[in-house]
Each structure stands twice: as structure tokens, then as C-alpha cells.
Amino acid sequence: MSLSDPVALAQSLIRRPSVTPEDAGALAVLEEVLTALGFVCHRLPRQAPGTAAVENLYARLGTASPHLCFAGHTDVVPPGDLAGWSTDPFGGEIAGGRLFGRGAADMKGAIAAFVAAVARTLAERGAPTGSISLLITGDEEGDAVNGTRAVLPWLADRDEVPDFCVVGEPSCARALGDVIKIGRRGSLNAKLTVLGAQGHVAYPERADNPLPRLVRMLDSLVDVMLDEGTAHFQPSSLVLTSIDTGNPVTNVIPAEATARFNIRFNPLYTAEGLEGWLKKRFDSVGGAYRLDLSLSGEAFVTEPGPLTETLVAAITGVTGRQPEFNTGGGTSDARFIKDLCPVVEFGLVGQTMHKVDENVPLADLEALTAIYAALLGGTVYRDGKS
Ligand SMILES: [Zn+2]
């Protein structure tokens, strides 16, 4: 297999049915190729109590700065009903100028493109003046406890913290190069329980009805404008999702009542700040209540800087497109990496990810390889020529 051919490598990866948490030999394929290119490889298996063991791979070429890290995952979601597929989801077949298979878009194709970009750049320009690493996990599509989050402390302990990181998730919406993801909104789920005392509806003075207080507390939230958005984020939003008393009868005042809501917030807020803000509002209504919060992730943004400038130039040079900076969509491992270094997401077009007949145009694999090669040239080679 030619190391500079992204299609052949993507096929090899797709043919390893690495449905989370199975590795099925996918990382061994990568390890072999990266070792041949001169990378020092480390296998980092992780297993939190009560979970399935997961394989991870960290590989680095050189030790100098600047250090560009490519992060991604070889695990894939299950293919679902095989009858819906027109090819074997783990066959890596090519038809009509497209490569088909689970993981083609999300994200074995992008990993193959990055490795091919490294191979081409090394062949043309020799060793980089900086260094290049890959951080590839087998636990992104699952609970993600044994993957990137579990491996980052090892990187920090060994002084392997990158200067910047590109996550190869399928960031593009319709055409290769149209979107770079530079952050995400935070998400906070809240359950508010207002506590009272049960009683007969005819004797309200002998009970403590929690419902009027719950209504006032919620009323203090519903019309609030949290902010007006920022340059890269839409306004934060608070959405009520449920109000429950569980009271089936007409003659009893309930002892408690609950409400649930979700806050999607931009980097003007933190979960801690929102908690304080909520409690202040509820305290001003008064009475006993309980507030249970669960945080899916804090908001973050990588403000445009050298990394994004170089990436934009690479994208425009190859595709002619001017990418949009976007902060929408679901979570990715960027939410963990952002604690270490500036991180953006750029990969293939996501239209078929997690769907039957997942596929990627061969032309996109080739173009993404050229973009990643230009990114390498502009970051880890001193003359900066891409
Ligand atoms: Zn993915």
C-alpha cells in the first residue's frame, strides 16, 4: 500500500469493523503506517471501572515546536440494518467515484487523508522543523470515558501538550471546505423541585402549596434574554421541557412539584455562573427548593488566530472556498482538547455520517489530503511555505 494514497488507507481502516468499543485491528493498521513514516507510537489502553476496555494510539514525529496534533477516532457507530446498505458496510468498496463504508466520512477517511498528507510532505520536504502527532481514540462514539479524556493527562504529564490541534471530524455541511468548527455551545440540564406540604384543597391554610412558587420561579425565567449572542455564537437559550406534579386527584394539594429545563449557553456563561444566577432568582421567590444540575459540557471557542488563518488559506488554496466559522452541531472530543491547546475541527462533508451507505467522494479524500498537506507546510515547516 502506498503511504501517500488516502483511498487505500481509508479502505484498510473501513475493513476493520471497529464498532465502539471494538478496535478490530484498526489502530494496528495505523500504527504500522505511522511507524514506517518514522513516528514513535504509544498504545494507551484505558478501562474505567465498569466499562469495556478501549484502545487508543498516540504517535509523534519529532519533538520540536511548533507541535501540530491531529486528533480523531477509529471507532464507528454500528451499521444498523444491513438490508438498507447497497454495499458491505465494512467492505470499503468503490462505486461511482465514491468510497463506501461505515466510517468513510466519520472519520476514517479524514485520518487516512491526514496520514497521506504527512507521507507526501515528508517525501517532498523532509523532516519538519516542528513536530507532528496523531491522537487517535477508539472511544468517541460511545461514552467517551476511556478515550481522549482519559489520555490527555498522560500527554500533559509527559510534556507532550500540542501547540494546536485539528480534530478531523466531518465539519463540512455541503461541500468540502465550507465550514470550520471553532467551538461549541455549552449545555446544562436542570431539574427544579419545589418543596411544600401536602394538604386538603379545602384547607389551603393548613398546607404549603409548592405550585404557586414553582410558577413564579419559572415565570422569572421564561422571558429572560440571557444575551444577544457573540461574534461566533447565537444567543444563549433557556427552554422549559417539563412541569410535573404527579397529582391525579382534585382535592389534594401536592407536597412537591418539579420542572425541567435546558440551557444552551455561549462562552459569556459558565455552568457555575448560571447556577448562581438561577439560585438568585429562585431565592427571591423564597421557600424550600432543590436544584439538580447536570452539565454536558462548558461552552468554548477558539478565537481565530494563526491556526485558523493557516487552515483557511489551505482550504481556499485547494477548494477556492472561503470557510465559515461555525459553532453548531453535536459534541466531539474537541470539548476535552480545548483545555490543553487551541483546537478546531475540520474534516470531510458530514451529510452521510451515521447513515446507511455512508460514503465519501474520492475527489474529497484527495482534496482533504492536499488541504492537510498545506496546513502542515504552513505550521510545522519553518519557511511556512504551504
Ligand atoms: Zn466522529
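The values are calculated or read from the model by the stated rules, or taken from the named source; none is laboratory data. Small disclaimer: the values here were computed from a predicted structure and weren't measured. Cβ placement follows ideal geometry from the backbone for every residue including glycine, while neighbour counts extend to all protein chains displayed. Keep in mind that these areas ignore ligands, DNA and RNA; they rest on the heavy atoms of the full protein, side chains included. Shrake-Rupley method; radii C 1.70, N 1.55, O 1.52, S 1.80 Å.
What to note about this one:
- Panel note: the C-alpha atoms of the chain, placed on their principal axes, show extents of 85, 47, 40 Å (largest first).
- Karplus (6.51, -1.76, 1.60) ³J(HN,Hα), θ = phi - 60°, over the stretch 286-296, in Hz, Gly and Pro reported as x: x, x, 7, 8, 10, 10, 9, 10, 10, 9, 7
- The label point for S242 and the one for L295, both projected 7 Å from the Cα toward the Cβ, are 2.3 nm apart.
- Packing around the peptides 311-322, 220-231, taken as the average count of other Cβ atoms within 10 Å per residue, puts them in this order, highest first: 311-322, 220-231.
- Annotation: amide H-H contacts under 5 Å for V19 (H modelled 1.01 Å from N, sequence separation of 5 or more, or interchain): V76.
- Computed about the Cα centre, the dipole magnitude for the chain is approximately 360 debye when only Lys and Arg (+1) and Asp and Glu (-1) carry charge, each at its Cβ.
- Cα-based equivalent ellipsoid, the stretch 256-386: semi-axes from gyration tensor eigenvalues, Å: 42, 19, 11
- Across the chain, the relative contact order, built from alpha-carbon pairs under 8 Å that are at least six residues apart, equals 25 percent.
- In this structure the amide hydrogen of V179, modeled in the peptide plane, comes within under 5 Å of the amide hydrogens of A173, E324, none closer than 5 places in sequence on its chain.
- Absence of a disulfide-compatible partner, taken as no other cysteine beta carbon within less than 4.7 angstrom, is noted in the chain for C41, C172, C341.
- Extension gain, A313 back to A363 (0.36 nm per residue minus Cα-Cα distance, nm): 16.1 nm
- Spin-label model, T250/H354: points 7 Å from Cα along the beta carbon direction are separated by 4.6 nm.
- With Cα atoms, 0 to 90° folded angle of helix 148-157 axis to the chain main axis: 70
- Across the accessible surface of the chain, with the other protein chains kept in place and a 1.4 Å probe, carbon and sulfur atoms take up 51 percent.
- The angle between the Cα long axis of helix 210-222 and the longest principal axis of the Cα atoms of the chain comes to about 40 degrees, rounded to the nearest 10.
- Acute angle (nearest 10 degrees) that the helix 26-36 long axis makes with the longest principal axis of the chain, alpha-carbon atoms: 40
- Two-site FRET efficiency, A36 against W277, from Cβ-Cβ distance with R₀ of 51 Å, rounded to 0.05: 0.40
- Taking 7 Å steps out from each Cα toward its Cβ at R125 and M225 produces label points 4.8 nm apart.
- Using only side-chain charges placed at the Cβ, +1 for Lys and Arg and -1 for Asp and Glu, the dipole size of the stretch 1-113 relative to its Cα centre rounds to 240 debye.
- Under-5 Å amide H pairs with L195, H placed in peptide plane, nonlocal only: A288, Y289, R290
- Here is how the number arises for the chain: DSSP H runs of 4 or more residues each give -39500 (n - 2.57), the sum is divided by the residue count, and the result at 222 nm is -9000 deg cm²/dmol.
- Under the convention that each Lys and Arg Cβ holds +1 and each Asp and Glu Cβ holds -1, the size of the dipole of the stretch 68-109 around its Cα centre is about 140 debye.
- Vicinal HN-Hα couplings computed from phi for the stretch 256-269 (Karplus, 6.51 cos²θ - 1.76 cosθ + 1.60; Hz; Gly/Pro x): 8, 8, 10, 9, 10, 8, 10, 10, 9, 10, 8, x, 6, 10
- Full-extension gain in nm, A156 to A95, via 0.36 nm per residue minus C-alpha separation: 17.6 nm
- Here the gap between M1 and L195, fully extended at 0.36 nm per residue and compared with their Cα-Cα distance, gives a gain of 63.2 nm.
- Whole-Hz couplings from phi, Karplus 6.51/-1.76/1.60, listed for the stretch 333-342; x for Gly and Pro: 5, 4, 5, 8, 5, 4, 6, 9, 7, x
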